Structure formats: structure tokens, C-alpha cells
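Take a look at the structure set out below.
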Amino acid sequence: MLLFYWFLYVFSLSIPIFYHSAFLVGFVSAIHYLLIYKRNLLVLSRYQIFYFSSFLLGYIIVGLIIILNETYDISFFKTYTNSFLSAISGVPLVLIFLERFGKNAPAYVMKYTFYIFIIQSIIIILVLFVPALKPFVMYFQRNAELASELDLFSNGLRTNALSGGLFYGLSLSFSMAIILYLYYILVYKFQLKLRYVFLFTLVNIGLICTGRFGFIYVICIIPIICTIKITRKIKLILFSLCMIVLLCILFFTLYELFPQVKKIYNETIYPYAFEFLSNYQKSGDFDTSSTNELASMYNVTITDNTWFFGDGLYTGNDGLYYQHTDVGYLRLLLLGGVGLNIYFISFTVLMLIPILKSTLPNNKSLYFSLLLLFLLSQFKGEAMITLVQLNNMCFILCSTISFLYRKDVNE
């Protein structure tokens, strides 16, 4: 049941009445906790109090910005409030993890995170090969028809997930799940088993079907790799080689035996996943349509006033992103200047602080790997604080750690 809760909480499916499934999980898990464990639900750690207080401070800061700029654009608050309420909905889930797994709760949060992304990867692959399932997953996606129209780069490949949020946000969520999994197996017990290699390969297939940027995890795991023993580094290399070999064997076997696989690969997967190779053969440049679009988003108008106070705008008059940029740092800059960027970066740095102050093995490496994920991803889109899936996972993990390792429970 907890795994089911976790799936619904992280992927935030669009559902009637509750808006998305994270809110439903908050409601159901609260009842579950009260009925099964019969304990006080209104228990927060100092970390959680800080987290929610920082969110409230953000409302004040952005509110003052739009008033000073006399724009009164409140569109930012929709995204911000969604993330805030999703975090609140996760409070009962934290308590259930703690009751069920005790001091091992953080490790199980990591394991369960990887499990739900295995399930998601299987769903994505099933929908890819059984198109009749596509309407079912689309029912639970937010703005499914619009998402299909926006999916210009992959011919529908990136809209096969059973998830409320898609594209960039989902690919980053896959990236975080893989970082947590690699940390878990490298720091705890690392066994080079075919089962682990297969599952890791499966999740990477799911990742490439949601967005290429998710492979940023290859850079983000460097702090973890640098701190593990040399024997485990060797095992990691072998693990990676086994994954590549297994992936090649699976691919060539399925490609040669099943015409449907060949058709899907040639018409859907290859044009998207290896677009940079096709473009290199045609023009000599390793670019893609998405990187070209990202580059164009850096062409924005920034005045002296914008640097200091922002323009107080998050959405343009046409209903699209203000100045048509989706770059995370630029959207914050245009909304509230350098100061708002500093606030969001500080919030993110402190959001992960329970990991840094915990007694988890190699805790600093995990802290800096996750921090890298947020800071680097913000150069492409909005990752810090307002990306619900990513922040839901971080909030639950850090909350369980804050209860166990800081002993700061307030009732």
C-alpha cells in the first residue's frame, strides 16, 4: 500500500475533485495513519517548520515584487501554491514511512523511489508497444491534449507516462531516482547481479522516453563516485559495461525478431534519441531541435531595473511564458531580479540540509549530487522549489532524515 501511495504522490496524476493524486494521498494517508497507528498527526520537525515558513516567505517576497512593479501578475502563485500544498500533503506519508521502517526509513524512501520508476518505465514501454493503452494514461495527464501538441520532438514518445507532469519535469524525476539508487547501491551493499543491471537498464530506457536532459545524472553522480572506495568504482564500471552490453543484446534481439520493434525504433525512438547524430550527418553540427529552442530562450531583454527588481511578470500578455523563455534562472530574474534568484538558490541549499547534517554514510556526496541536479537543471527550466515531482521526493526524504537524525520533533 505504501508503494502505491508513493507512486501517486510522486507522479501527481490528474484526478477529479482532488486536482492531482498528491492531494488524494495526503487525505488518504492521514486517515491511514490515524486509524492504523493511532498517533498524533500534527507532528512536525524543525526542518518541516523551516520548509513551510520559507514557502510563506516566498509569497511575501513575490507579492511585494509584483506590487512594486505594479503588474499584479499572480500567475506565479499557481505553480508555487501547487508545490506548497503538495509538500503539506506529504506530511502523513513521512510519518507512515517512519512508523513502518524506523531508522531505515530514508533508505526505504530511496528504494521505493527506484521501484516506482521501474513501474513507470514498464508502463511507458507497454504504451509504446500497445498504443491502445495511450488513452488510459492520457486521462491522468494534466492538459493531455496540449501536451500531445507540444510534443513536437519525439512523435508522441514523451507522452506515454502515467504521470500528471511530463517532459522536462518527469525526466528530471527519473534522474533523481537514478541518483538515489546509485547512492544506495554504492554506499550500502553493491552486488553485481544481473537483476540489478536489468532493472537499471529498464529505468534508463524509461528516462530516454521522457526527455534526454535527464541524463544530467551522469554529471551529478560525480561527487558520489569520488567518495566511494576504489573497489566499488571498479564494480561501478563493470556495472555500467554490463548495462551497455545487456541493452545492446536486448535491442538487437528484439530489433531482428519483431518487425513492430523495428518500426517503432526507426520511426519514433531513433529520430528523437539520436537526433544529434542525424543533424551531424546533415549539417556537421551536434545540435537538436530542443537545444536550438533552448538557445533561443536566452535571448531576452534585461534592463538595469530588471537586474535589481525584476519586471514583476511571470506570464506574458499572450498567456505564454514572459518573453517566451522557460529558462529557470531567467524566469526568476524577469519576475523578481537577482534577489529572487538568490532566495530560491538559498531555499534549495537549505532544503537539502538534513542530508548534510545526518549520519547517513557518505552524506556529503549525496547532498552535493542532489544540489548539482537542481542548480544545473535550472539552466534549462524551472527545477528549484516549484517542480512538484522533484521537490516532493526531496521533501519526503529530508523530512524522514530530520526526524531520525536531528531529534527535533515539536508537537
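Only one of VAL261, VAL203 is aliphatic (A, V, I, L, M), out of contact with any strand residue (DSSP E or B) (no Cβ under 7 Å at 6 or more places or on another chain) and at pLDDT 80 or above; which? VAL203 is the lone residue from the list that is aliphatic (A, V, I, L, M), out of contact with any strand residue (DSSP E or B) (no Cβ under 7 Å at 6 or more places or on another chain) and at pLDDT 80 or above. When SER240, SER175 are checked against the criterion of being within 21 Å of LYS111 (Cα to Cα), at pLDDT 90 or above, among the small types (Gly, Ala, Ser) and not in a loop (DSSP other than H, G, I, E, B), a single residue qualifies: SER175. Here LEU356 clears all of (1) in contact (Cβ under 8 Å) with a residue 24 or more places away in the chain; (2) more than 26 Å from ILE60 (Cβ to Cβ); (3) of a type in the set (A, V, I, L, M) except the condition numbered (1).
Checked against the criterion of being part of a helix (DSSP H, G or I), modelled with pLDDT of 90 or more, over 15 Å from the mean Cα position of the chain (by Cα) and β-branched (Val, Ile, Thr), the candidates ILE122, ILE118 yield just one match: ILE122. Please verify whether LYS111 is touching a helix residue (DSSP H, G or I) at 6+ places or on another chain (Cβ under 9 Å), assigned to a helix (DSSP H, G or I), at negative phi and of a type in the set (Lys, Arg), treating the condition exactly as stated. In short, yes.
The residues on offer are PRO106, PRO135, and the sole one that is part of a helix (DSSP H, G or I) and surrounded by fewer than 16 Cβ atoms within 10 Å (Cβ to Cβ) is PRO135. May I ask you to verify whether VAL43 is modelled with pLDDT of 95 or more and touching a helix residue (DSSP H, G or I) at 6+ places or on another chain (Cβ under 9 Å)? In short, no. State all residues of segment 340-353 that are assigned to a helix (DSSP H, G or I) and either polar (S, T, N, Q) or touching a residue at least 40 places away in the same chain (Cβ under 8 Å) (or both); if no residue qualifies, say none. Hits for segment 340-353 are LEU340, ASN341, TYR343, PHE344, SER346, PHE347, THR348, LEU350, MET351, ILE353.
Within segment 369-395, the set of residues being of a type in the set (Phe, Trp, Tyr) and either over 19 Å from the mean Cα position of the chain (by Cα) or crowded, with 19+ Cβ neighbours inside 10 Å (or both) comprises PHE374, PHE395.
Among the residues of segment 148-164, which ones are of a type outside the set (Ser, Thr, Tyr) and either surrounded by fewer than 23 Cβ atoms within 10 Å (Cβ to Cβ) or under 21 Å from GLU275 (Cβ atoms) (or both)?
Within segment 148-164, GLU149, LEU150, ASP151, LEU152, PHE153, ASN155, GLY156, LEU157, ARG158, ASN160, ALA161, LEU162 meet the criteria.
Close contacts from segment 79-92, counting a first residue that is of a type in the set (S, T, N, Q) and a second that is assigned to a loop (DSSP other than H, G, I, E, B), with Cβ to Cβ under 7 Å and a gap of 6+ residues or different chains, come to THR79/THR386; SER83/ILE385; SER83/THR386; SER86/SER12.
The values are calculated or read from the model by the stated rules, or taken from the named source; none is laboratory data. Values in this document were obtained by computation on a predicted structure and should not be read as measured data. Glycine also receives a Cβ, built like all others from the backbone with ideal geometry; neighbour counts cover every protein chain displayed.
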